[in-house]
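Quick notes on the structure that follows.
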Amino acid sequence: MSPPGDGVLLIDKPAGKTSHDVVAAVRRELPRGTRVGHAGTLDPFATGLLLVLVGRATRVQRWLMGLDKAYETVARLGAVSTTGDPEGEVTVTGRVPPAGASLPTGTIRQRPPAFSAVKIAGRRAYSLARAGEEVEVPEREVTVHEFVERWREEDEAVARAAFDIRCSSGTYVRSLIAELGDAYCLELRRTAIGPFRVADADPTRTVPLGDALAAVMAVVELVDEDALAAGHGRAVADPRAPADPAAHVLLRDAAGPIAVAQPRDGLLKPVVGFRG
């Protein structure tokens, strides 16, 4: 892999590797000291799209992590797992959730699995669970945009069903499947993060930082004194109509991305800069 510039790598993570493993492999290919991160963990058993951030792209992690996600999952029915996936202790119950049941969509409250990366008192929940400690993970509010059963197979040996899911950041698919009844995730594949698709994954091609940001937020083009001011972190006039103050925008000029800025009282205030 040739060393990428600042930007985002779309990686199709294989099963059996952690997100950290993928980041470490990319880091080994780059000049010493290059910052590398990712925008959303995938469980080791899961496959699919992982956004690996290189260089100054690590500064915009929060905007990429906050994007909606899309998944394909195959669930085993009539059995439960202590971790919600094939890596846990599985108990066959024989109680198969009925076909055609209403699947939850909209804004829901969800409790992440005990075996998850959620931090409790500064420690990962999975570390506490593996140490045998009682884990009470707080509920959170998430949004499920789509939850559709694609197919179902049932015979005397095993029952399985496949689902397509689109959801907000922070949603645990393992919990969605477990809440169907006696079910757990056999397979989990992330197919999209916001506008980025696993079908476009290519570890040899970097999506430039400016292009990645332009795909997820509005762009304001600057010239001359405004571009110079924004590059030094100073607010500039917002040429747009009044906008949502929570909606960050990309400030850009002919040379590339300048900063991510937040609208404030008719101005655009840089909050993350890329110059200097």
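The values are calculated or read from the model by the stated rules, or taken from the named source; none is laboratory data. Computed from a predicted model, the values in this text were never measured in an experiment. Note that we place each Cβ from the backbone using ideal geometry, even for glycine, and neighbour counts take in every protein chain shown.
Please indicate, with yes or no, whether at least one residue in region 114-125 is at pLDDT below 60, of a type outside the set (D, E, K, R) and in a strand (DSSP E or B).
Yes, the conditions are met somewhere in region 114-125.
How many residues are crowded, with 17+ Cβ neighbours inside 10 Å and part of a loop (DSSP other than H, G, I, E, B) if we restrict to region 32-43?
The qualifying residues number 4.
Does region 63-100 hold any residues that are in a strand (DSSP E or B) and β-branched (Val, Ile, Thr), and which are they?
73, 74, 80, 90, 91, 92
Among the listed residues 66, 84, identify the single one that is within 28 Å of the chain's Cα centre (by Cα) and closer than 30 Å to residue 214 by Cα.
Result: 66 is the single residue among 66, 84 that is within 28 Å of the chain's Cα centre (by Cα) and closer than 30 Å to residue 214 by Cα.
Could you please find all residues in region 82-104 being surrounded by fewer than 15 Cβ atoms within 10 Å (Cβ to Cβ) and among the acidic types (Asp, Glu)?
Result: 87, 89.
For residue 233, which of the numbered conditions (1) surrounded by fewer than 13 Cβ atoms within 10 Å (Cβ to Cβ); (2) in contact (Cβ under 8 Å) with a residue 24 or more places away in the chain; (3) not aliphatic (A, V, I, L, M) fails to hold?
Checking residue 233 against (1) surrounded by fewer than 13 Cβ atoms within 10 Å (Cβ to Cβ); (2) in contact (Cβ under 8 Å) with a residue 24 or more places away in the chain; (3) not aliphatic (A, V, I, L, M), the one that fails is (1).
Just checking, how many residues over region 150-174 are surrounded by fewer than 18 Cβ atoms within 10 Å (Cβ to Cβ) and more than 17 Å from residue 95 (Cα to Cα)?
7
So, restricting to strands (runs of 3 or more DSSP E) that lie completely within region 182-271, which ones have at least 3 residues that are within 30 Å of residue 85 (Cβ to Cβ) and touching a helix residue (DSSP H, G or I) at 6+ places or on another chain (Cβ under 8 Å)?
183-193
For region 232-276, what are the residues that are of a type in the set (Asp, Glu) and more than 26 Å from the chain's Cα centre (by Cα)?
Across region 232-276, the qualifying residues are 238, 253, 265.
On the basis of being among the β-branched types (Val, Ile, Thr), over 22 Å from residue 198 (Cβ atoms) and surrounded by 20 or more Cβ atoms within 10 Å (Cβ to Cβ), does residue 47 make the cut?
no
Quick check, is residue 213 more than 18 Å from the chain's Cα centre (by Cα) and surrounded by 15 or more Cβ atoms within 10 Å (Cβ to Cβ)?
no
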